[in-house]
1. State all residues of region 107-129 that are assigned to a loop (DSSP other than H, G, I, E, B) and either surrounded by fewer than 21 Cβ atoms within 10 Å (Cβ to Cβ) or basic (Lys, Arg) (or both); if no residue qualifies, say none.
2. Kindly indicate whether any position in region 80-97 is without any contact (Cβ under 8 Å) to a residue 24 or more places away in the chain, assigned to a strand (DSSP E or B), open to solvent by 30 Å² or more (accessible area, probe 1.4 Å) and not basic (Lys, Arg).
3. Search region 172-183 for residues being of a type in the set (S, T, N, Q) and farther than 15 Å from Gly58 by Cβ, and hand back the single one that is surrounded by the fewest Cβ atoms within 10 Å (Cβ to Cβ).
4. Does region 35-57 include one or more residues that are open to solvent by 10 Å² or more (accessible area, probe 1.4 Å), aromatic (Phe, Trp, Tyr) and within 21 Å of Leu153 (Cα to Cα)?
5. For region 184-208, enumerate the residues that are buried (at least 16 other Cβ atoms within 10 Å of the Cβ), within 22 Å of Thr86 (Cα to Cα) and not polar (S, T, N, Q).
6. Against the definition (open to solvent by less than 20 Å² (accessible area, probe 1.4 Å), charged (D, E, K, R) and either modelled with pLDDT of 95 or more or farther than 24 Å from Lys131 by Cα (or both)), how does Asp101 come out, yes or no?
7. Across region 130-171, which residue is least open to solvent (accessible area, probe 1.4 Å) among those that are of a type in the set (D, E, K, R) and free of Cβ contacts under 8 Å to residues at least 40 places away in the same chain?
8. Is it the case that Pro166 is outside any strand (DSSP E or B) and not aromatic (Phe, Trp, Tyr)?
Amino acid sequence: MLGIGTGNDFAGGTGIPTHLEEGLRALVENKRRKIDVGLVKGGDYPEGRYFGNGIGVGFDAAVGFAALQIRWTRGLVAYLIAAIQTIFFYYIPPRLRIEMDSQTVEQDSLMVSVMNGKRMGGGFQMAPDSKPDDGLFDLCIASSASKMRMFGLIPHFIQGDQATQPEIKMARSRHVTITAVQGNFPAHADGETLCRNGLKLELEIIPQALEIICG
């Protein structure tokens, strides 16, 4: 498998080489591992669709949609520009209920990332401790924040230490249900649109479902 994506986030979180020469070497050496796969139902996919890296709900998804419109650069730079644009134009965060295996969180939520991999947006470390073969999603749940505070949170997501910030909650779960109690939300799966005005998503992880060639 060769990493040729815009941000190579899936590759970066699963050990797939992100440079061509290293990728070709891995293909020749044929090193393999099995990783988990996520299944999400809801939005434009009521019957469900699979994903490898992660689901972004709220601000994360809005940034991803904005980044797709930026043609002159790519990767982390494009997502940073899109994040700045989105901070100024993003609507009031919806109130969400996030149901997990052992707990439920209900709050005004800026963003919810449900990760199988580690990062999104070409370098934002949404779940730096995630393991793609442990049978669990890693969640990063952000409560609402002011525009200035959102700017202050961006460096923490790049460094991967956002769990130290009071607006951020990290969790792990095999099953996740996200419901809009007030308002609605945009969402993406591995950068592909799940919905623009979603009301409910149901997610489950399928352990060891995909074999990949890695470095």
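The values are calculated or read from the model by the stated rules, or taken from the named source; none is laboratory data. Note that the coordinates shown come from a computational prediction; the quantities given were computed from them, not determined experimentally. Cβ coordinates were reconstructed from backbone atoms using ideal geometry, including for glycine residues, and neighbour counts include every protein chain displayed. The area values use the complete protein model at the heavy-atom level, side chains included, leaving out ligands, DNA and RNA. Shrake-Rupley method; radii C 1.70, N 1.55, O 1.52, S 1.80 Å.
1. Narrowing region 107-129 to residues assigned to a loop (DSSP other than H, G, I, E, B): 116-119, 121-123, 125-129.
Matches in region 107-129: Lys118, Arg119, Gly122, Gly123, Pro128, Asp129.
2. No: region 80-97 contains no residue that is without any contact (Cβ under 8 Å) to a residue 24 or more places away in the chain, assigned to a strand (DSSP E or B), open to solvent by 30 Å² or more (accessible area, probe 1.4 Å) and not basic (Lys, Arg).
3. Of everything passing the filter in region 172-183, Thr177 is surrounded by the fewest Cβ atoms within 10 Å (Cβ to Cβ).
4. no
5. Residues satisfying the conditions are Phe185, Pro186, Ala187, His188, Ala189, Asp190, Gly191, Leu194, Cys195, Gly198.
6. Numbers: open to solvent by less than 20 Å² (accessible area, probe 1.4 Å): no; charged (D, E, K, R): yes; either modelled with pLDDT of 95 or more or farther than 24 Å from Lys131 by Cα (or both): yes.
Here the answer is no, as Asp101 does not meet what is asked.
7. Here is the first cut: in region 130-171, the residues of a type in the set (D, E, K, R) are 131, 133-134, 138, 147, 149, 161, 167, 169.
Still in the list and also free of Cβ contacts under 8 Å to residues at least 40 places away in the same chain: 131, 138, 149, 161.
Working: Lys131: 113, Asp138: 9, Arg149: 70, Asp161: 53 Å².
Out of the qualifying residues, it is Asp138.
8. Details: outside any strand (DSSP E or B): yes; not aromatic (Phe, Trp, Tyr): yes.
The answer is yes for Pro166.
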